[in-house]
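Everything on this sheet refers to the single structure shown next.
The values are calculated or read from the model by the stated rules, or taken from the named source; none is laboratory data. Keep in mind the model is a prediction, meaning the values are calculated, not measured. Cβ coordinates were reconstructed from backbone atoms using ideal geometry, including for glycine residues, and neighbour counts include every protein chain displayed.
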Amino acid sequence: EAQVTQNPRYLITVTGKKLTVTCSQNMNHEYMSWYRQDPGLGLRQIYYSMNVEVTDKGDVPEGYKVSRKEKRNFPLILESPSPNQTSLYFCASSFSGRGSGELFFGEGSRLTVL
Amino acid sequence: AQSVTQLGSHVSVSEGALVLLRCNYSSSVPPYLFWYVQYPNQGLQLLLKYTSAATLVKGINGFEAEFKKSETSFHLTKPSAHMSDAAEYFCAVYNSNSGYALNFGKGTSLLVTP
């Protein structure tokens, strides 16, 4: 089954404790992206990757890091989480990231930073 | 940069009534436009997309949207609402300027009452 898998789905952590949210897709997609969803703000892009070893900032990259060492994986790293990073995070992938390609989304990871 | 505006953060309809969710876009070039749906505790799922092939686009679950250039609109409709249509709906436009991302609207929550 074609899917984007995120882990963990739910996480409560404390300020400053490094964490990683993993994302994996099994569709051989070149493009992967991270979004955060906040009430009243919709979805905002954090980082994206056009292919292996190619990453770039989205609209709200501060406080986050990513890496793309393998085509299927695109982890999101919070080196020192803060309460304003409490949010619902989505990983998404697409065949090429350009034009009319459909974005496939994971089920989301709800993060709470105390 | 391309952007979309969704009019109405909450829409309530009776079961069997017409569903109309409004989306206006801003783009200096012919846009690629999308509607996504998010059911509770799930990721986003593509409903339909406009890629200039036809102005009336049919999607899944009986939804359709009409691209109107003169009105810069891409409203989502369904003739008869079902209880299972209750969800969050997002309009999005492909952004070729930044992150090859989709720029999402802030979402419209659809409530269907018996």
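Can you pull out every residue in segment A:10-44 that is charged (D, E, K, R), touching a residue at least 24 places away in the same chain (Cβ under 8 Å) and within 26 Å of residue B:93 (Cβ to Cβ)?
A:30, A:36, A:38
Please return the ranges of strands (runs of 3 or more DSSP E) entirely within segment A:1-61 where 2 or more residues are in contact with a Cys (Cβ under 9 Å, 6 or more places away or on another chain), more than 10 Å from chain B (Cβ to nearest Cβ) and buried (at least 18 other Cβ atoms within 10 Å of the Cβ).
A:19-25, A:31-38
Could you say which residue among B:19, B:37, B:11 is closer than 29 Å to residue A:9 by Cα and away from chain A (no Cβ under 14 Å)?
Result: B:11 is the single residue among B:19, B:37, B:11 that is closer than 29 Å to residue A:9 by Cα and away from chain A (no Cβ under 14 Å).
Please specify each residue of segment A:62-114 satisfying the condition of being surrounded by fewer than 19 Cβ atoms within 10 Å (Cβ to Cβ), closer than 15 Å to residue A:36 by Cα and within 14 Å of chain B (Cβ to nearest Cβ).
A:88, A:107, A:110
Just the residues that are part of a loop (DSSP other than H, G, I, E, B) and either under 22 Å from residue B:87 (Cα atoms) or modelled with pLDDT of 95 or more (or both), please, taken from segment B:47-73.
Residues satisfying the conditions are B:59, B:63.
Condition first: surrounded by fewer than 14 Cβ atoms within 10 Å (Cβ to Cβ) and in contact (Cβ under 8 Å) with a residue 60 or more places away in the chain. Now tell me which residues in segment B:27-55 satisfy that.
B:29
Answer yes or no: is there a residue in segment B:77-99 that is of a type outside the set (Ser, Thr, Tyr), in contact with a Cys (Cβ under 6 Å, 6 or more places away or on another chain) and in a strand (DSSP E or B).
Taking every residue of segment B:77-99 in turn, at least one turns out to be of a type outside the set (Ser, Thr, Tyr), in contact with a Cys (Cβ under 6 Å, 6 or more places away or on another chain) and in a strand (DSSP E or B).
Go through (1) more than 8 Å from chain A (Cβ to nearest Cβ); (2) of a type outside the set (Lys, Arg); (3) more than 13 Å from residue B:16 (Cα to Cα); (4) surrounded by fewer than 17 Cβ atoms within 10 Å (Cβ to Cβ) one by one and return the number of the condition residue B:96 breaks.
(1)
Taking the criterion of being touching a strand residue (DSSP E or B) at 6+ places or on another chain (Cβ under 9 Å), more than 18 Å from residue B:5 (Cβ to Cβ) and at pLDDT below 95, would at least one residue in segment B:86-95 satisfy it?
No, the conditions are met nowhere in segment B:86-95.
Hey, can you tell me all the residues within segment A:61-71 that are closer than 15 Å to residue A:21 by Cβ and touching a residue at least 24 places away in the same chain (Cβ under 8 Å)?
Answer for segment A:61-71, where residues must be closer than 15 Å to residue A:21 by Cβ and touching a residue at least 24 places away in the same chain (Cβ under 8 Å): A:64, A:66, A:68.
Do we find that residue B:74 is closer than 27 Å to residue A:33 by Cα and away from chain A (no Cβ under 11 Å) in this structure?
yes
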